[in-house]
Structures are given as structure tokens and as C-alpha cells.
Amino acid sequence: MPKRGKKKEENGSGDEYKPLAPPRRPRPAKAAKASPAPLYEDPPTREATPDGRRWTLKVTTWNVDGLRAWLRKGGAQWVQEEAPDVLCLQETKCAVSAVPAELRALPGLPHQFWSSAKDRPGYSGVGLLGRGLLWGDRAHAQRGRGRSKGGGA
């Protein structure tokens, strides 16, 4: 059986082959691709405003995907090193009554608000921790201002 893409010469001895198509011209060399940009880089730390004053509020948010696992991985130590004024945690997957004491006793974040699904324990949940009072005084909360729909001050 002849090799694919070549025909036997009919009048010859059968040892010679003719190509079906003329040979291809070589392609021009491609320029080397630049390395792709990294997917994410931390922004530079800016401890002062453009006019030289110190920043006055540091807000940090983190989707922890399970509060207990986040604590085991060193989340509390990170918070103490980062020292945010406000810390927002999403997907805590922890009932309000089951928030670990280690997190409730974080130094520097005494004001805390926790919320989770009442009918589905371990589902979703958020935490809001702050250095100062986060949602106003009780009078505002009683008038319906300074509080979230899920709970309040």
C-alpha cells in the first residue's frame, strides 16, 4: 500500500513517489510573546493621602467561606497584624450563637454584629466588626436608621 499523500509512478519500478502537492514555503518567524500580566497584584500600601495626611479609616472585607476553617488557617492573626478599623466577613457559615469565642474576643474590634440564616444553620452569614460604634446610637436604631434589615444595634 502506498504511503499516504504520495502516488506511485505508474510507468516506473514503483520505488519512486511523486508528492500530491507542491512543497510549502516556510512561514516567517513569529515574534516571541511577552509574558502575560499576573492575575492580581496587591496595590501598593499607601499610609498617607495625596496631600500628606494619614488615612483615617481602614475597611477590610473578606469572603471567609467558613468561619471556623478561616480561624484554623490563621485568620485571627492576620486581622491583628492588619489592624483594620472595620472588618466585614462574608460566608461565615456559622450561626450567631456559634461564633467562636476567639473571634468575639478579638482585641481592638469590640463592636460586633453577626447575622445568619435563621432557618438554615451553617448557611451563608455575615459579620461586621469595628473599633468604634458602627451603626449609630440606640435612638437611631429605634427610629429605623443606622441598622440593617437582618438585625440591629
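Since every read-out is calculated from the coordinates, none of them should be taken as a lab result. All figures in this text were calculated on a predicted structure; none of them were measured in a lab. Note: ideal-geometry Cβ built from the backbone for every residue, glycine included; neighbour counts use all protein chains shown.
Neighbour counts of other C-beta atoms within 10 Å: give me C88, C94 arranged from fewest to most.
Ranked by crowding around the Cβ, least crowded first: C88, C94.
Would you mind working out the magnitude of the charge dipole of region 85-131 relative to its Cα centre, with +1 at each Lys and Arg C-beta and -1 at each Asp and Glu C-beta, to the nearest 20 Debye?
100
Per the Debye formula with a single identical scatterer at each Cα and no solvent contribution, what log10 I(q)/I(0) holds for region 51-96 at q = 0.14, 0.17, 0.27 Å⁻¹?
The Debye formula, applied to the Cα set alone, gives -0.40, -0.54, -1.03.
Note the per residue figure in Å³ for the convex hull of the C-alpha positions in region 59-142.
92
If R0 is 41 Å, what FRET efficiency do you get for K58 and A37 from their C-beta distance, rounded to 0.05?
According to the calculation, E is roughly 0.90.
In region 59-142, if the dipole is taken from +1 on Lys/Arg beta carbons and -1 on Asp/Glu beta carbons about the Cα centre, which of G75, S115, Q90 is farthest to the positive end?
S115
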